[in-house]
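Visitor: To start, I am sharing the structure in question, which I have written as structure tokens.
The values are calculated or read from the model by the stated rules, or taken from the named source; none is laboratory data. Keep in mind it's a predicted model, so treat the numbers as computed, not measured. Heads up, the Cβs are rebuilt from the backbone with ideal geometry, glycines too, and the neighbour counts pull from every protein chain shown. Side chains included, ligands, DNA and RNA excluded: accessible areas come from the protein's heavy atoms. Shrake-Rupley method; radii C 1.70, N 1.55, O 1.52, S 1.80 Å.
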Amino acid sequence: MKSITLSCTLGLTLCSAASALEIAPLQTGYIYDLPADVDAGGEISKHFFHASGGAPLYSNNDDLFLALTASYQLHSYDFSGSGSFTGLNPWNDVHIGNLGAFIRWGFADNWELFALPSIRTSGESGANFSDTLTGSALAGASYKFSDTLTIGPGIGYVGQIEDSASIFPILLIDWQFAEQWSITTGPVVGASLGPGLAVRWDIQEHLRFTFGARSERIRFRLDDSSSSAKQGIGEDNSIPVFGILTWQATEHLQTSFIAGVGFANDLVLDDSNGDRISRKDYDPSPFVGINLGYSF
């Protein structure tokens, strides 16, 4: 599922994300992935719902900023056909919740340090809660070269259920390279959770278009009574390429219309120890959706 959300807990992120958290944004959205053929027969389609928000806890004249972040996602899968993978009907509704913190420290002129620790639950309905928990953390620094360019290095750690943790470098970029154009590796309204890149075009004061692509991996614990793999693990991998039209309806309310296609898609089914049972590719999957955001 293309996890379309504003998130500061996974993937490549940027210190400019703090500006969004300072106004405690609320986000909610819905995405529909159209049916796509799965190798060895059958189809997969998906419904996705998310809600997220951030609440500032402490601020000291912009030198130190602390906020709490939380998000919830529902990935509802529909497998059809009698293929070797889809015929198993391996999982249905998957719930993912994140609780984290955003810490930013302006320790010198134009320099900022940031950290984003979080805890996550990822599991199908009926999964043992304690078996769904993993942790993640991002940390890095950024330097503001000018009003139009911020850049810096960092590192990320994302725990995986019954698998090696993902450890990856972070490249922090927020660059306005023309009057109405900018490029970022940071969170984008309507963008997916994983690492990627987005280009933004400010068409006019209240209208913006964003184009980007990200890499996404969702791994989750299955239902304790799953017929395909009791207490096993499911995984959905994709590279969504997306376009987002965002309208700032009022000072506080914005609406985003989203469309795109997921490429390099594959599904994985592992047993309870993380040993492989099956892996199947599925065709590029078009998706459409809407996102609403409210800032205080």
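Visitor: Rounded to the nearest 500, what is the 222 nm mean residue ellipticity of the chain from helices alone, with -39500 (n - 2.57) per DSSP H run of 4+ residues and division by all residues?
Guide: -500 deg cm²/dmol
Visitor: Residues with beta-carbon under 13 Å from that of Ser125, excluding Ser125: net charge, scoring Lys, Arg +1 and Asp, Glu -1?
Guide: Summing Lys and Arg as +1 and Asp and Glu as -1 gives -3.
Visitor: Further question on the same structure: Write down the accessible area per residue of the chain in Å², having rolled a 1.4 Å probe over the full set of protein chains.
Guide: Accessible area per residue: 43 Å².
Visitor: Normalised by the empirical 2.2 N^0.38 Å for globular proteins, what value does the Cα Rg of the chain take?
Guide: 1.00
Visitor: So, with +1 on the Cβ of K and R and -1 on the Cβ of D and E, and no other charges, what is the size of the charge dipole of the chain about its Cα centre, to the nearest 20 debye?
Guide: 160 debye
Visitor: Using the per-residue mean of other Cβ atoms lying within 10 Å as a proxy for protection, in what order, highest first, do the peptides 248-255, 207-214 fall?
Guide: 207-214, 248-255
Visitor: Suppose a student asked you for the relative contact order of the chain, using Cα pairs under 8 Å spaced at least 6 residues apart; what percent would you report?
Guide: Dividing the mean separation by the residue count of the chain yields 19 percent.
Visitor: Rounded to a whole number, what % of the accessible area of the chain do carbon and sulfur atoms account for, probe 1.4 Å?
Guide: Summing carbon and sulfur atoms, their accessible area is 59 percent of the total for the chain.
Visitor: Treat the stretch 238-296 as a sphere of radius equal to its Kirkwood radius over Cα pairs and apply Stokes-Einstein at 25 °C in a medium of 0.890 mPa s; give the translational diffusion coefficient in µm²/s, rounded to a whole number.
Guide: Approximately 174 µm²/s, per Stokes-Einstein.
Visitor: Mind computing the radius of gyration and Dmax over the alpha-carbon atoms of the stretch 198-296? Å is fine for both.
Guide: Final numbers for Rg and Dmax: 18.4, 53 Å.
Visitor: Would you calculate the separation in nanometres between label points at Gln180 and Asn273, each defined as 7 Å from the Cα along the Cα-to-beta-carbon direction?
Guide: 6.0 nm
Visitor: Straight-line reach only, C-alpha to C-alpha below 19 angstrom: list the aspartates and glutamates that Lys280 could link to, leaving out same-chain residues fewer than 8 apart.
Guide: Asp33, Asp37, Asp39, Glu43, Asp78, Asp163, Glu216, Glu235, Asp236, Asp266, Asp270, Asp271
Visitor: Can you give the accessible area of Tyr294, probe radius 1.4 Å, in Å² rounded to 10?
Guide: Counting only protein heavy atoms, the figure is 100 Å².
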